[in-house]
Amino acid sequence: MSREFSRSRRLAEQIKRNLSEIVRRELKDPRLQFLTITSVDISGDFSHAKVYYSLLQPDADPGPAQAALDRAAGFVRAQLGKSMRVRQIPELHFLHDASISEGARISTLIDDALEQDRRRHPDDD
């Protein structure tokens with residue numbers, strides 16, 4: 001069981017690295033200019049891969065990037081097949097990773113709460 005887990009993890013990491021290069025070098029769509037592949041999860045039978053991506057600007061609308069990725073999915077999968085030595089290349093499903101924007105939102109909330117606390121208690125420096 002642990003051997004299967006390590007193989008799937010290794011394959012996911014390899015797909016992540018290769019996809020990052022393919023997106024950076026092969027796709028010329030301006031909607032993908034500030035996109036980063038954050039992680040890849042592979043199904044147990046290696047037939048499907050969820051590819052999580054984030055945008056450089058956390059508040060940016062992921063819709064245009066999602067449309068560009070969905071449109072290029074076949075090409076990206078073909079390029080991935082050329083760059084990897086595996087029997088079957090998984091079908092790619094691109095999903096926006098909102099964890100970075102959520103982290104930025106939480107950080108802003110914390111900063112705001114600290115600032116409000118400082119204003120209420122100016123003597124406690």
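Read the figures in this text as sums done on the coordinates, not as results from a lab. None of these values were measured; they are calculated from a predicted model. Note that each Cβ is placed from the backbone with ideal geometry, even for glycine, and that neighbours are counted across all protein chains shown.
Here the contact order of the range 2-98, divided by its residue count and restricted to Cα pairs under 8 Å and six or more residues apart, works out to 31 percent. Listed from fewest to most Cβ neighbours within 10 Å, the set S6, S83 follows the order S6, S83. The tail of the calculated P(r) for the chain, taken as Cα-Cα distances beyond 17 Å, holds 62 percent of the pairs. Taking only DSSP H segments of four or more residues, each worth -39500 (n - 2.57), what value at 222 nm results for the chain once the sum is divided by all its residues, to the nearest 500 deg cm²/dmol? After summing the helix terms and dividing by the residues of the chain, the value is -18500 deg cm²/dmol. Which of rounded, prolate, oblate describes the range 57-125, given a ≥ b ≥ c as roots of the alpha-carbon gyration tensor eigenvalues and a/c under 1.5 marking rounded, otherwise prolate only if a/b is larger than b/c? Prolate, since a/c reaches 1.5 and a/b exceeds b/c. Between the C-alpha center of the range 8-28 and that of the range 58-83 there is a gap of 11 Å. Its Cα centre serving as origin, the chain has a Cβ charge dipole (Lys and Arg +1, Asp and Glu -1) of approximately 1180 debye. Restricting attention to the chain, close to 55% of DSSP beta bridges with both partner residues there are antiparallel.
Dipole of the chain computed with +1 at Lys/Arg Cβ and -1 at Asp/Glu Cβ about the Cα centre; of I100, M84, S47, farthest Cα towards the positive end is M84.
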